[in-house]
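The values are calculated or read from the model by the stated rules, or taken from the named source; none is laboratory data. What you see is a predicted model, and the numbers here were worked out from it, not measured in a lab. No Cβ is skipped: glycine too gets one built from the backbone with ideal geometry, and neighbour counts run over all protein chains shown.
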Amino acid sequence: MVRRADFVNKALSVRRTLSSACKIQARQVVAPNLKSLTDFLVMRDRLSSAGVETKPLFLVLKTDGGRRQVDYQALPAALVADVFAGQPNSPCRAGTYCPAGYEYTYISPEMDVYTCIPAKKQADGCLGNLVLGTARLRDVPRLCAIDYCHCVPGS
């Protein structure tokens, strides 16, 4: 968890570090309240002007019965639609070929590169560190072992 300004500055730093041919996508968990939604829109506008795409992540709660998405219906529909336009719910990807770590990665605040956000908990999920120059993409897509993933290509 970092302040929005720190997050934006770090994303802009990564944009300057990588080749212009690399697509960069910043993701932010958006809580079901007006401040979180409007903060996301401010961040999106600032980053998009520098060539960094942004995507919101639905806030999902873990419960004894599994996972459920938090209800955003009490908020202004136009604002919610602007933030989450075209964003699918996170599907199960386990057992399918996944381009995480091959076509795209997740970069942590510490500049560690992971195949995806959920893979931070897996031993083979770390691909190195961007600052140290040890980060290497996978040579081919692998079967996904994550049962609930929000890194779906194009999402």
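Run down LYS35, LYS62 and say which single residue is out of contact with any Pro (no Cβ under 8 Å at 6 or more places or on another chain), surrounded by fewer than 12 Cβ atoms within 10 Å (Cβ to Cβ), of a type outside the set (Ser, Thr, Tyr) and at pLDDT below 75.
On the way: LYS35 fails: at pLDDT below 75.
None of the others qualify; the one that does is LYS62.
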**Asked** Would a scan of region 99-120 turn up a residue that is more than 13 Å from the chain's Cα centre (by Cα), farther than 21 Å from THR54 by Cα and not assigned by TED's automatic domain parsing to the domain that holds LYS55?
**Response** no
**Request:** Being charged (D, E, K, R) and in a helix (DSSP H, G or I) is the filter here, so list the residues in region 19-53 that pass it.
**Result:** LYS35, ASP39, ARG44, ASP45, ARG46
**Asked** Just for region 106-130: of the residues that are over 17 Å from PHE7 (Cβ atoms) and assigned to a loop (DSSP other than H, G, I, E, B), which one is modelled with the lowest pLDDT?
**Response** GLN122
**Prompt:** In region 86-105, what residues are at pLDDT below 75, surrounded by fewer than 17 Cβ atoms within 10 Å (Cβ to Cβ), part of a loop (DSSP other than H, G, I, E, B) and of a type outside the set (A, V, I, L, M)?
**Reply:** GLY86, GLN87, PRO88, ASN89, PRO91, CYS92, GLY95, THR96
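Please verify whether GLN28 is in contact with a helix residue (DSSP H, G or I) (Cβ under 7 Å, 6 or more places away or on another chain), modelled with pLDDT under 80 and not aromatic (Phe, Trp, Tyr), treating the condition exactly as stated. Spell out how you get there, then give the answer.
Values: in contact with a helix residue (DSSP H, G or I) (Cβ under 7 Å, 6 or more places away or on another chain): yes; modelled with pLDDT under 80: yes; not aromatic (Phe, Trp, Tyr): yes.
Taking the combined requirement at face value, the residue satisfies it.
Restricting attention to region 1-42, which residues are more than 22 Å from ASP112 (Cα to Cα) and in contact with a Phe, Trp or Tyr (Cβ under 7 Å, 6 or more places away or on another chain)?
Here is the first cut: in region 1-42, the ones more than 22 Å from ASP112 (Cα to Cα) are 30-42.
VAL30, PRO32, listed by residue number.
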**Asked** Looking at region 13-47, which of the residues that are out of contact with any Lys or Arg (no Cβ under 8 Å at 6 or more places or on another chain) and of a type in the set (Gly, Ala, Ser) is nearest to MET111 (Cα to Cα)?
**Response** SER13
